Amino acid sequence: MSANRDEARVDWALARLRVLGERVTPAREAVLHVIDTADRTDEHLTAEQIGERVTRLEPSVHRATVYRTLTSLTDAGVLSHIHLGGSATVYHLAVTPGEPVREPGPASVGPFDGDPLGDGPLSNGHLHVQCSVCGRVQDAPVAVLDEAGRRLREELGFELDRTHAALLGRCADCAGSA
């Protein structure tokens, strides 16, 4: 992997693709770079926004290719997506710190070691909260829902996916003005 911390997550994702036998194409690399840059600046990009940025980065990549790439990278476990209110979907790199990339058999790629706590700017260990008034999206630690997840598991046998959808409510600014 790259010694450059800014490239470590993209390198990890590309290594995961290779281990899974997936091709590494210019479109895939461009999508990964765009999403990684957005993740590191706490942006939450839709497919359309990703397409616009990929076009600037790699003009030869067609918009339809970006949409297919988002689907294939999500299916490969390299990206995750989150559904926001109003039916918007945003994408993040699905980096799991400390988890080796494995295929069936002995081959593996070393673990991503960017953020050992799994809750900082280099990891995907967060959930999303979205203001239903202004639409602002904020990241929150997944631990916020630990108790709810435990109760759902114990009382209903239900496993909560805390990272797939945003929780809706009002942000501090909008709650203060009501």
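Here, each number is a calculation from the coordinates, and none is a lab measurement. Owing to the predicted nature of the structure, the values given are computational and were not obtained by experimental measurement. Because the Cβ atoms are built from the backbone with ideal geometry, glycine has one as well, and the counts that use them run over all protein chains shown.
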### Query
What does the charge count near Glu22 come to, summing +1 for each Lys or Arg and -1 for each Asp or Glu among other residues with Cβ under 9 Å from its Cβ?
+4
### Query
Taking a label point 7 Å from the Cα of Asp173 along the Cα→Cβ vector, which residues of the stretch 23-46 have an amide N closer than 17 Å to it?
42-44
### Query
Could you give the dipole magnitude of the stretch 33-90 about its Cα centre, charging the beta-carbon of Lys and Arg +1 and that of Asp and Glu -1, in debye to the nearest 20?
180
### Message
Taking 22 Å as R0, compute the FRET efficiency from the Cβ-Cβ separation of Thr71 and Ala140 and round it to 0.05.
### Response
0.25
#### Entry: Mean Cβ count within 10 Å, highest first, over the residues of peptides 9-18, 22-31
9-18, 22-31
